[in-house]
Amino acid sequence: MSAGDVKHDYHLVNPSPWPLVGSIAATVMALGGVIWMKGLFGLPVHTPWVFFAGLAGVLYTMLGWWMDVVKEANQGDHTPVVAIGLRYGMIMFIASEVMFFVAWFWIFFEMALFHEARTLSSIEEVRTAWATWPPAGVELVPAWNLPLVNTLTLLLSGTTVTWSHHALQTGDRKGAKIGLVLTILLGAMFTAIQAYEYHHILEHKYFFSEAASNAGLYGSSFFMATGFHGFHVLIGTIFLTVCLIRMLGTGFTPKQHFGFEAAAWYWHFVDVVWLFLFAFIYVVFGGAAGAH
């Protein structure tokens with residue numbers, strides 16, 4: 001429905017192919033992942049092409065769908081009432097992401113606080129490994145080296161994205177662009193540092209040495225929590241990059257820029273999650289708890 005046909009404050013979305021196309025692509029990607037890892041119908045055919053075909057479909061859906069949303073905003077379909085709905089939607093999405101990370105914190109805390117329960121196992125190696133926290137044989141990642149650098153990097157990026165948002169609100173597009181570019185560069189720097197840290201952990205077998213062969217849960221929970229956060233940083237960096245591309249054109253005004261505002265909310269969420277990861281996984285239940 002065009003802007004001229006609207007007789008109310010709500011936006012009635014035109015028929016869209018993207019929900020169906022996206023569902024089919026996601027299904028193909030999931031099946032492709034199974035084929036890649038397990039083979040095709042029990043046969044040793046571990047081809048990755050089905051997975052990547054599905055991934056291409058998902059990325060195509062994301063691009064097309066988001067372009068349609070941008071067009072709707074430029075056509076005036078995002079009225080104040082619709083904008084409120086968009087804000088509620090983003091808030092609920094971030095809340096769901098918070099609960100996602102709660103699961104990873106939960107398993108790590110459960111192991112750190114109640115690791116003695118595993119000493120009741122009938123297996124001698126398990127009792128020995130879990131008699132202390134971190135488990136015997138696990139070499140800790142020094143919290144005050146690369147993790148601290150990444151913490152400072154994300155905190156600085158939170159400052160630059162706030163500067164960019166404030167500059168856009170006051171009509172300073174040049175300042176908004178500079179702040180956004182700095183935020184993207186800091187996000188890329190975080191990803192590069194974490195990739196180097198992972199390489200170092202795997203190369204030196206911090207969590208998976210022969211002495212720590214019965215303590216794989218520590219490494220699994222560490223990589224799941226920090227790895228998924230790293231993935232969120234990558235998504236947030238892409239999110240902000242799209243906003244920069246729009247800002248370099250004619251997109252966003254001091255009054256209408258929810259796309260960038262939502263990206264800034266997401267980035268601050270990523271910052272806060274990392275602070276909890278650094279404080280508890282690297283410091284409290286990492287270095288401090290392992291020191292004794």
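The values are calculated or read from the model by the stated rules, or taken from the named source; none is laboratory data. What you are looking at is a predicted structure, and each value in this text was computed from that prediction instead of being measured. Using ideal geometry, Cβ is built from the backbone for each residue, glycine included, and neighbour counts are taken over all protein chains shown. For the accessible areas, the whole protein counts, side chains as well, though only heavy atoms, and no ligand, DNA or RNA atoms are used. Shrake-Rupley method; radii C 1.70, N 1.55, O 1.52, S 1.80 Å.
Across every direction, the projection of the convex hull enclosing the Cα atoms of the range 1-103 has a mean area of 8.7 nm². Remark: relative contact order (the chain) = 19 percent; criterion is Cα-Cα distance under 8 angstrom and separation of 6 or more residues. Our estimate of slack between L20 and F109, defined as 0.36 nm per intervening residue step minus the Cα-Cα distance, is 28.0 nm.
Placing a pseudo-label 7 Å from each Cα along the Cα-to-Cβ vector at T119 and A192 gives an inter-label distance of 4.6 nm. Close amide H partners of L40, meaning residues 5 or more places away or on another chain with modelled amide H under 5 Å apart, are V45.
With all protein chains kept in place, the per residue accessible area of the chain amounts to 56 square angstrom at a probe of 1.4 angstrom. Rounded to the nearest 500, the helix-only mean residue ellipticity at 222 nm of the chain stands at -23500 deg cm²/dmol, with each DSSP H run of n ≥ 4 adding -39,500 (n - 2.57). Heavy-atom accessible area, probed at 1.4 angstrom with all protein chains present, ranks I238, I201, I193 as I238, I193, I201, highest first.
I'd like the orientation of helix 173-204 relative to the chain: the angle between its Cα long axis and the longest Cα principal axis, in ° from 0 to 90, rounded to 10. Roughly 20 degrees, rounded to the nearest 10.
What's the FRET efficiency of L40 with F231 using the Cβ-Cβ distance as r and R₀ = 41 Å, to the nearest 0.05? The pair L40/F231 has a calculated efficiency of 0.90. The spread of Cα positions in the chain, taken along each principal axis and listed from longest to shortest, comes to 75, 51, 31 Å.
Counting only alpha carbon atoms, the long axis of helix 80-113 and the longest principal axis of the chain meet at about 0°. Per-residue extension of 0.36 nm, minus the Cα-Cα distance of W65 and F223, leaves a gain of 53.7 nm for this segment. Here the gap between I245 and A95, fully extended at 0.36 nm per residue and compared with their Cα-Cα distance, gives a gain of 51.3 nm. Surface composition of the chain: carbon plus sulfur atoms hold 73% of the accessible area, using a 1.4 angstrom probe and ignoring ligands, DNA and RNA. Taking a ≥ b ≥ c as the square roots of the eigenvalues of the alpha-carbon gyration tensor, the range 81-168 is classed oblate because a/c is 1.5 or more while a/b is no larger than b/c. The simple Förster model, with R0 at 35 Å and r as the Cβ-Cβ distance, assigns T47 and N74 a FRET efficiency of 0.25. In sequence order, the range 259-271 has phi-based couplings of x, 6, 4, 5, 4, 5, 4, 4, 5, 5, 4, 4, 4 Hz under the Karplus curve 6.51 cos²θ - 1.76 cosθ + 1.60, θ = phi - 60°, and Gly or Pro positions carry x.
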